[in-house]
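Notes follow the structure.
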Amino acid sequence: MNAFTDLIDANTAFAASFGSGTLGAIPCQHLAVVTCMDCRIDPLAILGLQVGDIHVLRNAGARITHDVLRSLVKSVNQLEVERIAIIQHTDCGAAKITLPGLRKKVLDTTGNDPEGVEFNLIGDQAEALAGDIEMVRTYPYLPVGTIIGGFIYDVETGLLDMQHSVVID
């Protein structure tokens, strides 16, 4: 039994009625969304959108990292994205664990200490979100006029709360 048989079977059913093959790479809403990898977050559903409308970048904590910035540069400069939404959320695992706790867990399960890994954990969510917005706003490879919004998604109510909105000037 292959550990991924369920995925292949589900994909076969999906492909039987697949209708998005003609979509282009430019998102219809000219929007890139950076959000958390948390399985309770469905960015398209949360925003009332569909496949083809947005670029979605996900990582633990919805943090702005060098790789996220690299992808945003391509989205904005190559694929006509004009707005960037950073959507963090309540009850986030990146805010519920400490670095020593995570390092110990990794060491206990693998025998290796991840001392050199930057996990971008969240101590203060408001501060983390504001700092991430500032990283995007001041990144020199994103053009003037790009709009950045910072949001908190409530995983219990489904509501999105806008915290910040800035324009690169």
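The C-beta contact set for the stretch 157-169 (first residue over 17 Å from A128 (Cβ atoms) and modelled with pLDDT of 95 or more, second residue assigned to a loop (DSSP other than H, G, I, E, B) and polar (S, T, N, Q), distance under 6 angstrom, 6+ apart or interchain) comprises I168/T146. Can you go through D53, D6, D42 and tell me which one is over 30 Å from N120 (Cα atoms) and out of contact with any His (no Cβ under 6 Å at 6 or more places or on another chain)? Of D53, D6, D42, the one residue that is over 30 Å from N120 (Cα atoms) and out of contact with any His (no Cβ under 6 Å at 6 or more places or on another chain) is D6. Please find, within the stretch 1-20, the residue that is surrounded by the most Cβ atoms within 10 Å (Cβ to Cβ) out of those that are within 24 Å of the chain's Cα centre (by Cα) and closer than 26 Å to G48 by Cβ. Out of the qualifying residues, it is N11.
The values are calculated or read from the model by the stated rules, or taken from the named source; none is laboratory data. Since we're looking at a predicted model, the values are computed, not measured. Ideal geometry is used to build each Cβ from the backbone, glycine not excepted, and the neighbour counts take in all protein chains shown.
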